[in-house]
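The values are calculated or read from the model by the stated rules, or taken from the named source; none is laboratory data. Treat the numbers as computed from the prediction; the structure is a model and nothing was measured. Don't worry about glycine lacking a Cβ; one is built from the backbone with ideal geometry, like all the others, and counts go over all protein chains shown. Please note that ligands, DNA and RNA were not included when accessible areas were found on the heavy atoms of the full protein model with its side chains. Shrake-Rupley method; radii C 1.70, N 1.55, O 1.52, S 1.80 Å.
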Amino acid sequence: QLVESGGGLVQAGGSLRLSCAVSGRLFSSSVMGWFRQGPGKEREYVAAIRWSNGLTYYADSVKGRFTISKDKTENAVYLQMNNLKPEETAVYYCNTGTAPGNPGPIWGQGTQVTVPA
């Protein structure tokens, strides 16, 4: 089970930190990812992190502004988002897969991030 939190309303240029609590065991091959789906848009990949060694990956659109991290003791993944833009208004989801940008079948309920224009 994946439970996202931390979304909210933030002005353009502001920051938010999203959290994803993971119930159940994560394997060394697991890749935790963040995805988002804006209004009228398809779900898109944002960032990913390898559970085993913490190697991170980012979509070009968020490089330099977003940071994905993990906490093995808490079994959690985080997404620090800085300098948010209105076009990044979306529901943000975390996911467990086996490759960056390639989601597995289980999704959380998502957390809404709203950045007014």
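For this structure, a couple of remarks:
- When the range 90-103 is filtered for residues that are exposed (fewer than 15 other Cβ atoms within 10 Å of the Cβ) and farther than 18 Å from VAL62 by Cα, the ones remaining, listed by number, are THR98, ALA99.
- Of the numbered criteria (1) more than 14 Å from GLY104 (Cβ to Cβ); (2) open to solvent by 60 Å² or more (accessible area, probe 1.4 Å); (3) among the basic types (Lys, Arg), the one ARG65 fails is (2).
- Residue count, the range 70-86 (criterion: among the β-branched types (Val, Ile, Thr) and assigned to a strand (DSSP E or B)): 1
- Only one of GLU4, GLU42 that is at pLDDT 95 or above and over 15 Å from the mean Cα position of the chain (by Cα): GLU42
- Pairs where the first residue, in the range 7-32, is under 16 Å from VAL46 (Cβ atoms) and at pLDDT 95 or above and the second is open to solvent by less than 20 Å² (accessible area, probe 1.4 Å) and among the polar types (S, T, N, Q), C-beta under 9 Å, 6+ apart: GLY7/THR111; LEU18/THR111; SER19/THR111; CYS20/ASN95; CYS20/THR111
- Number of the condition not met by ASN83 [criteria: (1) open to solvent by 60 Å² or more (accessible area, probe 1.4 Å); (2) of a type in the set (S, T, N, Q); (3) under 23 Å from GLN1 (Cα atoms); (4) touching a residue at least 12 places away in the same chain (Cβ under 8 Å)]: (3)
- Filter pass, PRO116 being modelled with pLDDT of 95 or more, surrounded by fewer than 19 Cβ atoms within 10 Å (Cβ to Cβ) and assigned to a loop (DSSP other than H, G, I, E, B): yes
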